[in-house]
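Values quoted throughout were computed directly from the atomic coordinates according to the rules given, and no laboratory measurement underlies them. All values derive from a computational prediction rather than experimental measurement. So basically every Cβ, Gly included, is an ideal-geometry build from the backbone, and we count neighbours across all protein chains shown.
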Amino acid sequence: MEVLDAIAACFKNDYHKVLQNVSLQERPRCKAWLAKKLCEEQSIEHGTCKDALDTLETFLFAEAKNKNRKTVFFVITSLIVITFVISVSNNIQTKMAHNNLKKQYDILEDEYNYLLENWTIKVDSISVGNASKSGNWLTKPGNELIASEMRLFNPVINYTSLINSNAKFDIKIIDSFGTMVKNEKSPDGYTYAKTKWVLTGGMHTHDLDGFGDGASSIYSAGEWIVEVWYNGVCLKSQSITLY
């Protein structure tokens, strides 16, 4: 509830307008200043203030899927409103009315936590390179990939996140016939999985390692699909041509 209180204070003090009026380059310094100001003026723990500003930045600037972004924003806004009403009701409403509002808050908080758990990461783009078994680039992402020269089909993602946490990404690599490549170590329904530490905010990059045979190519020429999944949700699907 402390983060929501901090977000509510951000809106009350027009911090969202301040962030919208600074350049991308100045935004990190502006966020740090606002977090310090919020901490001093509202007596909220500094780490909570930083989390609130990170969340506010993500909702203001991340181009998340519209439906999910609007849903999360609606829930957060509702929580902020109910938090304020609960505070007022402590002084002017009956205990029964207060309890009813608290129940509504708890329901929305559960939905908010569910949405955070399932929609906390947005993959903005996927590029693929050709890597050796030791992890060195044979062909860097974005360059033309030759099927006969492929060793490890290695996706790299650019992402936006609401959390600082370990995240297990499940990857599907699908050939032009719609068949997913896999081996005996593949998890059910996926080609492979990779766990990475994700950071809040946007413009982050992660190398998801790769899949294949380090000695020879298992890939044929044609259109391939790579999909990145998290918590059972496909975050991004990308077509890749092997020549």
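Side notes on the structure shown:
- Taking the average, over residues, of other Cβ atoms within 10 Å as the packing measure, peptides 138-148, 161-171, 49-59, 20-30 rank 49-59, 161-171, 138-148, 20-30 from highest down.
- Greater than 21 Å apart at Cα, pairs in Lys140/Lys185; Lys122/Lys172; Lys182/Lys236; Lys172/Lys194; Lys122/Lys168; Lys31/Lys168: Lys140/Lys185; Lys31/Lys168
- Summarising the label geometry, the points placed 7 Å from Cα in the beta-carbon direction at Arg29 and Ser176 lie 5.2 nm from one another.
- Multiplying the residue separation of Glu223 and Glu40 by 0.36 nm and subtracting their alpha-carbon distance yields 60.3 nm.
- Spin-label model, Ser237/Lys140: points 7 Å from Cα along the beta carbon direction are separated by 3.1 nm.
- Under the simplified labelling scheme, the Phe59-Ser132 pair shows an inter-label distance of 4.9 nm, with each label point 7 Å from Cα along Cα→Cβ.
- Put simply, the range 198-243 fits an ellipsoid with semi-axes of 25, 14, 11 Å; these come from the alpha carbon gyration tensor as the roots of five times its eigenvalues, largest first.
- Counting 0.36 nm for each residue step from Asn13 to Ile107 and taking away their Cα separation leaves a gain of 31.1 nm.
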